[in-house]
Amino acid sequence: MPTYLVRARTETLGPGRRARLAEQLTDTHTRVTGGSSSSVQVIIEDLQGRDHFVGGRLAPVGSVFVRGHLPAGGEEATTKALATAVREAVVAATDVSAEVVWVYLSELAAEGMVEP
């Protein structure tokens, strides 16, 4: 099951933006990979302004960090396209600048997962 963990300051993902972001990430994953939307999981976590650092300093206001866990075996070109599309989805859903969006995608082998 593809899982996207999104971390951002509470004010960055205020009311209305969370559901829009979850929908955007689900639609993006489905469009780029051809997978089913029913298997995409999005978890959004709040960060306090003092919890996210870049280069030893507080991250810029509006920063969004996304870690995606994907089943192993995808094509490299698809993964690269997905990373870019996820960043674009975050920008569209939250109105933050692309310069403050970090996206990291990791593949997990089937033996490294237990799912219902």
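The values are calculated or read from the model by the stated rules, or taken from the named source; none is laboratory data. Because the structure is predicted, anything quoted here is derived from the model rather than measured. In case anyone asks, the SASA skips ligands and DNA or RNA and just uses the protein heavy atoms, side chains included. Shrake-Rupley method; radii C 1.70, N 1.55, O 1.52, S 1.80 Å.
The angle between the Cα long axis of helix 17-33 and the main principal axis of the chain comes to about 30°, on a 0 to 90 degree scale. Of the solvent-accessible surface of segment 1-48, computed with a 1.4 Å probe and all protein chains present, 48% belongs to carbon and sulfur.
If I take every Cα pair under 8 Å that is 6 or more residues apart in the chain, average their sequence separation and divide by the length, what percent do I get for the relative contact order? Relative contact order of the chain: 35 percent. Evaluating kT/(6 pi eta Rh) at 37 °C and 0.692 mPa s, with the Kirkwood radius of segment 1-108 over Cα pairs in the Stokes-Einstein relation, gives 235 µm² s⁻¹.
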